Number of protein chains: 2
Amino acid sequence: MTENVLSIAPPYLLFIGDVQDQLAAKTAAGILQWRPQWCIGQSRLPGCKADLGLREMTPKEAAAAGVRTMVIGAANSGGILAENWITSILEAIEAGLDVASGLHMRLNDIAPIREAARAAGRNLFDVRHPTQRFATGKGARRSGKRLLTVGTDCSVGKMYTSLAIERALKEKGIKADFRATGQTGILIAGSGVSVDAVVADFISGAVEAIAPANDEDHWDIIEGQGSLFHPAFAGVTMGLIHGAQPDALVLCHEPTRKTMRAVDYPLPDIEECIDLNLRVARRTNPDARMIAVSVNCSALSPEEGRRLLDDLAQRTGLPCVDPLRDGVEAIVDRMPGL
Amino acid sequence: MTENVLSIAPPYLLFIGDVQDQLAAKTAAGILQWRPQWCIGQSRLPGCKADLGLREMTPKEAAAAGVRTMVIGAANSGGILAENWITSILEAIEAGLDVASGLHMRLNDIAPIREAARAAGRNLFDVRHPTQRFATGKGARRSGKRLLTVGTDCSVGKMYTSLAIERALKEKGIKADFRATGQTGILIAGSGVSVDAVVADFISGAVEAIAPANDEDHWDIIEGQGSLFHPAFAGVTMGLIHGAQPDALVLCHEPTRKTMRAVDYPLPDIEECIDLNLRVARRTNPDARMIAVSVNCSALSPEEGRRLLDDLAQRTGLPCVDPLRDGVEAIVDRMPGL
């Protein structure tokens with residue numbers, strides 16, 4: 001990881017405020033699912049209706065237990081940080097913790113928080129808002145192997161699939177690192193860049209920075225964003241693919257969606273999607289291969305899901321799996337050299 | 001033009017400082033070439049070796065002659081604004097002029113300039129640095145016709161070709177507007193957005209904003225940026241194509257270049273380039289057509305250029321012209337409905 005990429009220090013205290021249901025704490029739940037060893041405790045406010053099942057801790061207790069960063073692991077309502085959340089954040093800073101947030105609203109824009117952090121010498125991480133400067137992409141081949149998840153649409157399971165592949169590789173003793181490109185992924189990885197918030201000229205350069213040259217037998221598992229077929233976000237996806245120089249691509253898909261996210265566009269045809277992603281990827285890595293399709297079947301019954309995956313496998317000639325139901329073994333088996 | 005797109009008021013006083021050759025004043029020369037009716041005078045400092053052939057004016061004289069904006073039409077050396085340039089800018093503000101600049105360094109970052117403009121109620125335009133907020137792209141079809149220039153590489157004549165087409169259409173009495181996406185184009189058009197400086201999520205949304213719904217018989221001629229094949233900048237190009245929803249595409253090319261700009265990559269094959277640009281464009285406009293190839297033959301003799309264009313026309317089946325030598329009549333003739 002190059003020096004201009006942010007780095008959040010674990011372990012974490014997960015702050016979920018006074019959210020009114022478990023879903024509002026899904027960022028914290030995601031961190032706990034993928035990095036349980038980093039999650040020492042939870043901090044909640046009176047009336048909180050979510051529970052991560054972690055030990056309840058004040059920032060002071062957390063600091064004493066070795067915690068280094070309090071992570072805001074809940075969505076706030078209305079985009080405004082409530083007074084009682086601000087109080088908790090100030091307590092964390094006072095206790096000697098850094099604070100990391102994936103909220104739209106910046107911690108650095110709230111004067112009391114900014115000033116308290118400066119006075120205490122603590123770091124504030126607004127992971128949705130990159131502050132680093134990147135070079136423009138070079139396109140030069142670099143050592144190490146890279147896998148990138150791409151999608152038929154936004155929010156179809158690219159982060160989940162990437163993290164599941166990283167975990168499976170590590171369990172096999174293969175050197176691998178998840179490389180985060182969105183806010184939740186960054187909080188899970190402790191580093192990365194929100195590529196959709198980078199200035200357009202630097203999209204691929206930012207990806208080159210978060211997935212730099214590495215050992216020849218090391219795999220970066222890069223979290224994809226958007227879709228080459230999304231009329232609003234395809235530019236982000238394009239730069240991400242070029243910067244990633246992927247050896248392997250995994251196409252992620254949600255089969256019950258009727259239109260693309262937030263726009264009145266049909267989902268692309270799977271075969272067309274595979275073809276265009278490969279064509280673009282081969283510009284910066286001529287050896288790029290599509291190795292599998294990862295389908296989020298959660299809206300389908302097990303039988304419906306099975307049928308859909310079998311049909312898709314027949315059409316594409318690729319392993320097609322639901323990573324939650326089937327695991328990602330079939331994907332990992334297709335990674336070149338494994 | 002929607003209200004969140006900047007608008008620089010003509011006519012202009014062109015400031016070229018004390019540059020040491022004509023090339024360093026090429027921004028001013030471009031404005032004068034394409035908008036002579038807006039260029040009332042030039043302002044130079046002692047020792048200036050460039051000359052636009054315009055009447056020499058102080059900002060005060062320019063203001064009296066009706067000028068509303070002083071445009072910094074020269075490149076400064078070293079990225080630092082010299083003291084004598086700052087003095088000239090302050091004089092312009094004092095004289096009641098706005099100031100527009102395409103330099104990397106922001107006028108708004110120089111305290112005396114910023115404060116003088118605020119005190120005098122004048123506008124400072126740093127056209128390389130968008131300050132407007134855009135929505136994400138909607139992808140909804142909008143009325144009016146659009147032509148977009150695309151390229152085999154960066155800096156291959158997209159702005160020149162676009163402006164030549166706009167001029168040819170206006171001479172025929174056809175409603176047309178050049179839509180600028182880079183700093184020189186913005187100074188020429190008086191409005192537009194530097195799309196490569198927009199946050200990645202908003203590339204296509206910004207293009208939708210600068211080329212909004214219009215009369216059915218109106219043509220937006222949209223200046224392209226980068227290339228789908230450039231490993232650093234393809235994301236910008238992708239978002240630009242999706243946001244433009246072009247009815248017509250013109251591929252721009254520079255035939256003597258050995259590698260793509262600033263990277264060690266071969267130029268793409270022309271046919272492949274036409275094919276990929278069309279494929280991407282048809283996602284947001286199924287009727288998109290590639291209508292011509294525009295080649296900058298300035299590095300070739302007239303005979304060499306002619307041979308190359310004939311060969312290219314044979315291979316592509318499209319009109320292939322050098323807009324400077326041949327004009328753009330052959331391109332305009334192919335615009336659907338004209």
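No value in this document is a laboratory result; all are computed from the given coordinates. Since the structure is predicted, the reported quantities are computational estimates derived from the model, not experimental observations. Counting neighbours? That spans all protein chains shown, and the Cβs are built from the backbone with ideal geometry, glycine included.
Between A:LYS172, A:LYS145, A:LYS49, the Gaussian network model of chain A with springs among Cα atoms under 10 angstrom shows the greatest mean-square fluctuation at A:LYS172. Comment: the Cα-to-Cβ extended label point of A:GLU115, at 7 Å, lies 2.4 nm from its counterparts in the other copies, nearest first. Under the combined filter of DSSP loop state and at most 10 neighbouring Cβ atoms within 10 Å, the range B:233-334 retains these trypsin sites (Lys or Arg not before Pro): B:LYS258. Shown for B:ASP310: label points 7 Å from Cα along the beta-carbon vector, and their distances to the equivalent points in the other copies, 6.3 nm in ascending order. Taking every DSSP bridge with both residues inside the range A:145-332, close to 0 percent are antiparallel. Look at the Cα gyration tensor of chain B: its axes a ≥ b ≥ c give a/c of at least 1.5 with a/b over b/c, and that counts as prolate. Taking 24 Å as the straight-line reach from the Cα of B:LYS49, the lysines in range (excluding those fewer than 8 positions away in the same chain) are B:LYS26, B:LYS60. The alpha-carbon of B:LYS172 sits under 25 angstrom from the alpha-carbons of these lysines, leaving out residues fewer than 8 places away in its chain: B:LYS145, B:LYS158. Here the translational diffusion coefficient of the range B:167-297 follows from Stokes-Einstein with Rh set to the Kirkwood radius across Cα pairs; for 10 °C and 1.306 mPa s it amounts to 102 µm²/s. If R0 is taken as 56 Å, the Cβ-Cβ distance between A:SER298 and B:GLN132 corresponds to a FRET efficiency of 0.90. Take every pair of alpha-carbon atoms less than 8 Å apart whose residues are at least six positions apart; their mean separation over the length of chain B yields a relative contact order of 16 percent.
Extension gain for B:GLU271-B:GLN314 works out to 14.3 nm (0.36 nm per residue, less the C-alpha to C-alpha distance).
Shape call for the protein assembly as shown from the C-alpha gyration tensor, a ≥ b ≥ c root eigenvalues: rounded (a/c under 1.5), prolate (a/b greater than b/c) or oblate?
Values: a/c = 2.18, a/b = 1.37, b/c = 1.59.
Note, shape of the protein assembly as shown comes out oblate.
Diagonalising the gyration tensor over the Cα atoms of the range A:98-225 and scaling each eigenvalue by 5 before taking the square root yields semi-axes of 28, 17, 15 Å, largest first. Computed over the protein assembly as shown, the per-residue total of -39500 (n - 2.57) for DSSP H runs of n ≥ 4 gives a 222 nm mean residue ellipticity of -10000 deg cm²/dmol, rounded to 500.
I'd like the antiparallel share, as a percent to the nearest 5, of DSSP beta bridges with both residues in chain B.
Around 5 percent of the beta bridges assigned by DSSP in chain B are antiparallel ones.
Over 14 Å, how big is the tail of the calculated P(r) for the range B:63-139, in percent of all Cα pairs?
Working: 1806 of 2926 pairs.
Summing the P(r) of the range B:63-139 above 14 Å gives 62 percent of all pairs.
Considering all different alpha carbon pairs of the range A:269-315, the Kirkwood hydrodynamic radius works out to 12.2 Å. Considering only A:THR237, A:THR256, A:THR149, the mean-square fluctuation computed in a Gaussian network model of chain A, springs between alpha carbons under 10 angstrom, is largest for A:THR256. Take B:THR131, push a point 7 Å out from Cα through the beta-carbon direction, and compare it with the same point in every other copy: 2.2 nm, smallest first.
Its convex hull of Cα atoms gives the range B:12-126 a direction-averaged projected area, equal to a quarter of the hull surface, of 6.3 nm². Once the Cα atoms are used to define both axes, helix B:158-171 deviates from the longest principal axis of chain B by about 90 degrees.
Straight-line reach from B:LYS175: taking Cα to Cα under 18 Å and skipping same-chain neighbours fewer than 8 places apart, the aspartates and glutamates in range are B:GLU166, B:ASP215, B:GLU216, B:ASP217, B:ASP220, B:GLU223, B:ASP247, B:GLU329, B:ASP333.
Sparsely packed loop sites in the range A:1-88 (the GluC sites (Glu not before Pro) outside DSSP H, G, I, E and B with at most 14 other Cβ atoms within 10 Å) comprise A:GLU3.
Of the GluC sites (Glu not before Pro) in the range B:208-285, which ones lie in a loop per DSSP and count no more than 11 other C-beta atoms within 10 Å? Can you show the working numbers first?
Numbers: sites: B:GLU208, B:GLU216, B:GLU223, B:GLU271, B:GLU272; in loops: B:GLU216, B:GLU223.
Sites meeting the loop and neighbour criteria: B:GLU216.
Looking at the protein assembly as shown only, what percent of DSSP beta bridges run antiparallel? Nearest 5 please. Working shown, then result.
Values: 3 of 79 bridges.
If we restrict to bridges inside the protein assembly as shown, about 5 percent are antiparallel.
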